[in-house]
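Everything on this sheet refers to the single structure shown next.
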Amino acid sequence: MAEERRQKQCSVTLPTESMKAMAESVGVGQLQEESCVALSEEVSYRIKEIAQDALKFMHHGKRRKLTTSDIDNALKLKNVEPLYGFQSQEFIPFRFASGGGRELHFYEEKEVDLSDIINTPLPRVPLDVSLKAHWLSIEGVQPSIPENPPPATKEQQKTESTEPLKVVKPGQEEEGAIQGKGQGATAPDGKGKEKGSIRLKPRSTHELSVEQQLYYKEITEACVGSCEAKRAEALQSIATDPGLYQMLPRFSTFISEGVRVNVVQNNLALLIYLMRMVKALMDNPTLYLEKYLHELIPAVVTCIVSKQLCLRPDVDNHWALRDFAARLMAQCCKTFSTTTNNIQSRITKTLTKSWLDEKTQWTARYGCIAGLAELGPDVIKTLILPRLTVEGSRIKAVMEGSVVSNIDKIGAEHVQSLLLKHCASVIAKIRPQPDTVEQYRTDYGYLGPMLCSHVIKARTQAALQAQQVNRTTLTITQPRPTLSVSQSGLSGSGGPRTPSIIKVPSSLTLMSPRPGTPSQPSPPATKYIVMATSAGTASTQQVITLSSSQSASPVTSTVPSATSTLQPLVKVESGSGPGLAASRPLQKYIVVSLPPSASSSLEPKSSVLSTSVSSTPLDPGIKLERSESPGVSTQSPH
Amino acid sequence: MAAVQGGMVDEKEEVDIKTEPQSDGLMNTNATDGRQLSPSPSSSSSAGSTKSAAGAPEDQQTLLAVLQFLRKNKLTESVEILRREAGLPEDALDTKGADCSAPSSGGTAGGVDGLDAGSLLSRVAVSSSAGTPAPTKAAVADDQPDVSVVLSAYSQQGDPALYKVYYSDLKKFIESVLDCHRAELSQVFYPLFVHMYLELVYNNHESEAKAFFEKFSGDQECYYEDDLRVLSSLTKKEHMRGNETLLDFRTSKFVLRISRDSYQLLKRHLQERQNNQIWNIIQEHLYIDIFDGMPRSKSQIDAMSGSLAGEAKREANKAKVYYGLLKEPEIEVPLDDEDEEAENEEGKPKKKKPKKDSMGSKSKKQDPNAPLQNRIPLPELKDSDKLDKIMYMKESTKRIRLGRENLPSICFYTFLNAYQGLTAVDFTDDSSLIAGGFADSTVRVWSVTPKKLRKVKSAADLNLIDKESDDVLERIMDEKTASESKILYGHSGPVYGISFSPDRNYLLSCSEDGTVRLWSLLTFTCLVGYKGHNYPVWDTQFSPYGYYFVSGGHDRVARLWATDHYQPLRIFAGHLADVTCTRFHPNSNYVVTGSSDRTIRLWDVLTGNCVRIFTGHKGPIHTLAFSPNGKFLASGATDGRVLLWDIGHGLMVSELKGHTDTVYALRFSRDGEILASGSMDNTVRLWDAAKAFDDLETDDFTAATGHIHLQDNSQELLLGTYMSKSTPVVHLHFTRRNLLLAAGSYAA
């Protein structure tokens, strides 16, 4: 009976063991069981009483958190000496100890050396209380200023864009209430549905107030103007101001139009400014950009792959813009890609297609590779590595050929360094040691020797980092594939977030264990989802259009990469790393091939897998399993 | 012991001031003592012919206990009087009965404050000298019984095993009655449950009590949850001794309002079933207010219930309340011309008309509901006050008319870097100063106008200035001390309440240290520390005419003070738990207090009587606001609801739901059209007060019975919701031109 009652919300009492422990701590040795029971009941009651009084002080202190001073005050109320000096940096300052069959929680009182305290410099004096006034509302309308919460929270914006009928904008609601048109006001947390059974989404008027218009003008002028200080300020404002929700459509049009015009005019500086605006918008935590991606993404992609972005391609550093835009694109994919809009796969397709085109210029080629590379090591592994040989030969042709223009040469150099930069770290992870130049040459052709040196460098770096970085603190600031995980079995320990295509957190476990331990079981549930669909029917790209309904050919191949032509886009490195192939029984490879460049695609399984993007695109999931590993089941990725 | 002495002095003070003999200084124990002393007259006067079962020996015991107590506190005169009276027990009972017919706060004369202090002492959990006397006719004389112990004794005792049966039997019965009676009779459950549980605990049937609690606590209304939590932790008789909440519950009667039909039904059932146990509890511990007419519906009952001790008795709200405003003093407006000249010269004839109207309509017509001008003595107007009045009138002509279509602008004053320490805020009426009370015991004053805060020069320097000059008031200020804010040090605990005097020369603050302090805003020093509460003081406020102020605190009384007396003029006792907020009526003749017992009481400053009890909140009340015309009252509580009350009729007018956390601030706009509420949920909400009051239909029946039917129209009345950025709203204030100022500290 008594045990049951203990479960009850309020009738919880302290365990008798605590009584014993406390008695011992004050020197009472053998406390009888009955005394313990009586004590625990009494003590529990008193503690509850004090807690109830302390609650009163909390309420009057206009706080939500009970503090130790509340307890002190409650004790004072009962004429009990307060617990002086009880404070702790930690939330729960208790330590746990066990031994001799008993478990104890105790409050650790460290001995502190007085001279330490005296000699430590005084902490900074906290800022004094100050008053600040702002307008919470002006004649019933809440102004959008940083002091006020954003008019529509990000969640609201999101639900609005995904489920447009459910939510009413708070601004309109309030307006309705002010005009008293029988709507009544509701709390801004979207309770609007209670009001009527049938609710049409109110027509939204996109009128900007005079202040907002002025702001818009100022900001846009500053962003593309000549004064760098002003621009920094404007960008800062875009990135932090909570009230930009209303102006978002204007900004996105501004950017998209700006890019359209300036690409034609080859105005590199302006394009850079516009991209920085995109970055600022994406950084603003209160904005939900999804509704405007159809304008922003084409602009960004243009800046990645456009043939010419500047007037003097041989001198200007348009490569940096491409890199920057590629990073933006990757961030965009990471944030907004869903199974419905499939941004990432569509982008990947677009870029790959353009890359595979023989006629693509070096500049655009660079952009494509950069765009793909930024999407993460998975993409590099499945899409870029297989093409290294081809790309290498093309570079070789330019570098060693005689009749090429300077521009082509520069382009080829940049592509080469880009490939080396991105591929080296990925190879370092997936390829077992040792790195021999010969082996690399056979695998990767012209770029092989250079890659080899880069990989070795990457490995030593990784090893260095592994030593420096502590076990649990793997902080990674930039989702660049150059960051590596230590090789000592830390795989998947939580830190690295790669911009993987689909959110498989452990994509870094791709890295193979050391060759000496091929049988070491790696995390079994690793999914490699490389690419989703093959068709690009629903694309809204303006700058780069996708051709629709390509037939996809899934490829399972464990063929050594050296023999690959254009067709096998995904391959598993099995030739050089024998241990790797057999070690993971449950891996699933979902692979989509790219359209074959040559018409002579004679794939054994080239089945019709073209799907329309608008329907759930991943489901015909071109899923391929490692055929030789036993017990593999075909499983759709979702 | 200090408490006792303080109490005694209080009492003498009371005698000096010579108000109505009793009534001021009572503590609930005493009030209940009166009731307990005479169960038969009080119940027979109201509940009908039922003669109480309580016999003479028990009364005797109680009397002895009181005598004992008085002797212990050396109140010899009172002892003498009581003994003389007690010599003729019949008479004594009668007088007592008459006394206590006053609404819940009637009581005996003299010695009252002593009792007050005594009960406070008993709360400090000093164990009473003797073991608790046996529930019934034990020999008491040697035992030195403690008053509270006797009062709270559960005399009879049934078979503990049968309690469950009794209760479920009643439950079955009530569930089977007609729908119209069921809601009314269900009210009985909660008090009955509590008393049966306490009876079991009191008589040391611990396991039965636990089982009883387990079985039936889930059935109780959700708004009693907090009390049930207290109750559940109490499982031993020893625990009962120190627990004031339960002491109150046992000694005061839970008030229920039940229609005659329903009551007859219940009575018949209990008598048929010979269910004496329950019948006895109803007789002894419940006060059933029987009315003729339709039984109330569930929603009607729910609207009014929720307080610690049930609803207010009907007669408690019958007294006449002069809620009208005092006549504004006739002030010649010499500055008027200046004003006109300053603004425009040709508008002279135009200007005069509105002035006359506004002046005339206010001053000439004497409000029939207003108290006499000299009902309580008010301070004379000084010249500076008159100047201020003129300023006020000038400002009010520029006031924006608010309404549904015209919402006020809100200016939010955020206290930064306060580290959650802001506990109280006040603005001056002219909105020129802000004061903040902090948990670190400081009081800070800011000037929000360009005019900086300056101290008066030192005495030596003051000697040097030319006293005849016109700008002497300007000259006495020390320019060197000018700053935007000043800090007032003096309290030794968090400052929970703060209030500016109307003339802006003084500031009051009350604190956890039990004192109320009066500060001068000329010298920025503490002038007086008013001691008397001994426990944390939760709130204080100046009278709208200055001079008087009221304070209320953990000792469950509110005190009325005058700034030049260091002892309180009145003690308003009757609340069963902490007095959490106190407000003056705009005509200064009444004081309203809100409490943790979830009731609001309106007190007459002149007589010290409680003239209104409002029940309906389901949590401790944290803020109150009178409408500018003095007719209505708004209250906000931890339950997040704002209730509107009609003071004249003693009725609930409206229930404003919307806040999701404690409402800490309420304020009517200057013309009473809009009610602003601020809450812990970081929002300021605006409500259409005018509509709420217009919608009220008061026919004779509802006025007579107080059974209002509230429609749920919160959504219609809500005019706007304004989120702040994680800044709980602590205070609201309408400027004279109807700009709303809000204040709170940013909680990072």
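Please compute the length gained on full extension between B:ASP169 and B:GLU315, using 0.36 nm multiplied by the number of residues separating them and subtracting their Cα-Cα distance.
Values: separation 146, 0.36 × 146 = 52.56 nm, distance 3.28 nm.
That pair, B:ASP169 and B:GLU315, stretches by 49.3 nm at full extension.
B:ASP430 to B:LYS382: extension gain in nm, 0.36 nm per residue of separation minus the Cα-Cα distance? Intermediate results must be reported in sequence, preceding the final value.
On the way: separation 48, 0.36 × 48 = 17.28 nm, distance 1.73 nm.
15.5 nm is the gain from fully extending B:ASP430 to B:LYS382.
Mind pulling up the Rg/Rh value for the range A:209-375? Radius of gyration and Kirkwood radius, both on Cα. Before the final figure, lay out each step's value.
Details: Rg = 15.8 Å, Rh = 16.2 Å.
A ratio of 0.97.
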Worksheet item: Tally Lys and Arg at +1 and Asp and Glu at -1 over the other residues with C-beta under 12 Å from the C-beta of B:TRP687: what net charge comes out?
Response: +2
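How do B:LEU518, B:LEU266 rank when sorted from fewest to most other Cβ atoms within 10 Å of their own Cβ?
Working: B:LEU518 20, B:LEU266 23.
If I rank by nearby Cβ atoms, fewest first, I get B:LEU518, B:LEU266.
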Worksheet entry | Point-charge dipole on Cβ atoms (K/R +1, D/E -1) for the range A:209-375, about Cα centre, debye to 20 | 480 debye
Worksheet item: Taking H as built 1.01 Å from N, whose amide H comes closer than 5 Å to the amide H of B:GLY720, not counting residues under 5 places away?
Response: B:LEU686
Discussion item. What does the C-alpha gyration tensor say about the overall shape of the range A:13-87? Classify as rounded when a/c is under 1.5, otherwise prolate if a/b is larger than b/c, or oblate.
Written reply: prolate
Worksheet item: Which links in B:LYS313/B:LYS725; B:LYS394/B:LYS725; A:LYS307/A:LYS334 stretch past 32 Å when you go from one Cα to the other?
Response: B:LYS313/B:LYS725; B:LYS394/B:LYS725
Discussion item. Which of B:TYR287, B:TYR547 has the fewest other C-beta atoms within 10 Å, and how do the rest follow up to the most?
Written reply: B:TYR547, B:TYR287
Worksheet item: When all alpha-carbon pairs of the range B:507-567 are counted, what percent fall beyond 17 Å?
Response: 31 percent
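Expressed in nm to one decimal, what extension gain is obtained for the pair A:ASP314 and A:SER402 from 0.36 nm per residue of sequence separation less their Cα-Cα distance? Walk me through the numbers on the way to the answer.
Values: separation 88, 0.36 × 88 = 31.68 nm, distance 1.81 nm.
So the extension gain works out to 29.9 nm.
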Worksheet item: What is the distance in Å between the Cα centres of the range B:535-553 and the range A:410-440?
Response: 80 Å
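Values in this text are rule-based calculations from the coordinates and carry no lab data. Not measured: the values here are computed from a predicted model. Backbone-built Cβ (ideal geometry, glycine too); neighbour counts: all protein chains shown.
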